[in-house]
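**Student:** Here it is, the structure in full.
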Amino acid sequence: MFIAQRILGYAALLLGLYMALFGALIEGAAIAAAGFVLVSLAELVRLQQGMYHLALGLPLKNEQIHKILRRTPPVKVTSTTLSIHPFNETEYPLLKLQGESYLRVKAFIPYIEQSETEYRFTFPDSALVLLICDPRYSQGSRLFQYNDQVFVKLSALPLSVQKEGDKLRVEIAASKP
């Protein structure tokens with residue numbers, strides 16, 4: 001619907017400008033203004049739709065995650081206590097979704113055993129963490145798949161995480177007595 005409204009708006013805008021240039025100034029200006037209003041309303045509704053979607057607590061759509069992923073600058077993942085895959089300071093996107101930080105599980109391959117949708121994280125000196133991969137992101141997801149990538153909520157792992165500029169320092173969390 002928004003595409004048709006946008007196309008109609010642009011067509012009215014062009015027709016109005018054409019009419020205004022060739023003599024029918026008042027009628028052309030009115031049609032051009034109507035076209036501008038149609039295009040503007042279509043854009044406002046499109047923007048508002050994403051906020052409404054989030055307010056209802058619905059899962060993000062793949063296109064929304066794609067936009068967030070495109071705008072997310074990669075961070076260099078570093079650690080002194082873990083082996084980051086394939087090497088220290090490899091760049092991965094650090095997704096911020098609804099107040100939580102998510103990183104690709106690929107960074108932790110040496111510590112993962114996978115069986116279908118079940119991921120077992122075994123970090124040194126830490127308890128086993130078992131997570132089930134959701135087929136798509138929804139609020140509170142601890143592990144989810146997007147296209148061919150799997151993302152893990154960092155707070156679900158026994159790690160301490162600190163962002164330092166364009167670097168993300170990931171260490172094994174201190175054991176609690």
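The values are calculated or read from the model by the stated rules, or taken from the named source; none is laboratory data. Bear in mind that the values here come from a model prediction, so they are computed numbers and not experimental data. FYI the Cβ positions are ideal-geometry reconstructions off the backbone, even for glycines, and counts take in every protein chain you see. Remember, those area values only see protein heavy atoms, side chains included, never the ligands or the DNA or RNA. Shrake-Rupley method; radii C 1.70, N 1.55, O 1.52, S 1.80 Å.
**Student:** Determine, yes or no, whether ALA34 is out of contact with any Phe, Trp or Tyr (no Cβ under 9 Å at 6 or more places or on another chain), modelled with pLDDT of 85 or more and either open to solvent by 50 Å² or more (accessible area, probe 1.4 Å) or farther than 25 Å from LEU94 by Cα (or both). Outline the logic, then answer.
**Tutor:** Numbers: out of contact with any Phe, Trp or Tyr (no Cβ under 9 Å at 6 or more places or on another chain): yes; modelled with pLDDT of 85 or more: yes; either open to solvent by 50 Å² or more (accessible area, probe 1.4 Å) or farther than 25 Å from LEU94 by Cα (or both): yes.
So ALA34 fits the description; yes.
**Student:** Just give me the residues in segment 90-147 being among the acidic types (Asp, Glu) and assigned to a loop (DSSP other than H, G, I, E, B), in sequence order.
**Tutor:** GLU116, ASP125
**Student:** Let me ask something else about it. Quickly run through segment 113-140 and pick out the residues that are within 19 Å of GLU63 (Cβ to Cβ), surrounded by 15 or more Cβ atoms within 10 Å (Cβ to Cβ) and without any contact (Cβ under 8 Å) to a residue 40 or more places away in the chain. Step through it out loud before you land on a result.
**Tutor:** Residues of segment 113-140 within 19 Å of GLU63 (Cβ to Cβ): 134-139.
Next, only the ones that are surrounded by 15 or more Cβ atoms within 10 Å (Cβ to Cβ) stay: 134, 137.
The one that is within 19 Å of GLU63 (Cβ to Cβ), surrounded by 15 or more Cβ atoms within 10 Å (Cβ to Cβ) and without any contact (Cβ under 8 Å) to a residue 40 or more places away in the chain: ASP134.
**Student:** Now, a different point. Please work out which one of (1) under 20 Å from ILE172 (Cα atoms); (2) open to solvent by less than 60 Å² (accessible area, probe 1.4 Å) is the condition SER155 fails and give its number.
**Tutor:** Here SER155 meets the rest and fails (2).
**Student:** Specify which of the listed residues (ILE112, ILE172) is touching a helix residue (DSSP H, G or I) at 6+ places or on another chain (Cβ under 7 Å) and of a type in the set (A, V, I, L, M).
**Tutor:** On inspection, the qualifying residue turns out to be ILE112.
**Student:** Taking the condition part of a helix (DSSP H, G or I), open to solvent by 90 Å² or more (accessible area, probe 1.4 Å), at pLDDT 75 or above and not polar (S, T, N, Q), does GLU43 pass?
**Tutor:** No; evaluated as a whole, the condition is false for this residue.
**Student:** Right, something else. Would you please name the residue that is most open to solvent (accessible area, probe 1.4 Å), looking only at residues in segment 76-112 that are closer than 24 Å to SER138 by Cβ and among the β-branched types (Val, Ile, Thr)?
**Tutor:** In the first step, residues of segment 76-112 are kept if they are closer than 24 Å to SER138 by Cβ; the result is 92-108, 112.
If we keep only those that are among the β-branched types (Val, Ile, Thr) as well, we get 105, 112.
On the way: VAL105: 14, ILE112: 38 Å².
It comes out as ILE112.
**Student:** Please identify the pairs in which a residue from segment 1-12 that is modelled with pLDDT of 90 or more has its Cβ atom under 6 Å from the Cβ atom of a residue that is loosely packed, with under 15 Cβ neighbours inside 10 Å and outside any helix (DSSP H, G or I), counting only partners at least 6 apart or on another chain.
**Tutor:** If the second residue must be loosely packed, with under 15 Cβ neighbours inside 10 Å and outside any helix (DSSP H, G or I), no pairs are left.
**Student:** Kindly list, by first and then second residue, each pair from a residue in segment 44-60 that is closer than 13 Å to TYR137 by Cβ to a residue that is modelled with pLDDT under 70 and assigned to a helix (DSSP H, G or I), limited to pairs with Cβ atoms under 8 Å and residues at least 6 apart or on different chains.
**Tutor:** LEU60/HIS53; LEU60/LEU54
**Student:** Another question, then. Among the residues of segment 1-22, how many are open to solvent by 60 Å² or more (accessible area, probe 1.4 Å), part of a helix (DSSP H, G or I) and over 19 Å from GLN49 (Cβ atoms)?
**Tutor:** Adding up the residues that qualify gives 6.
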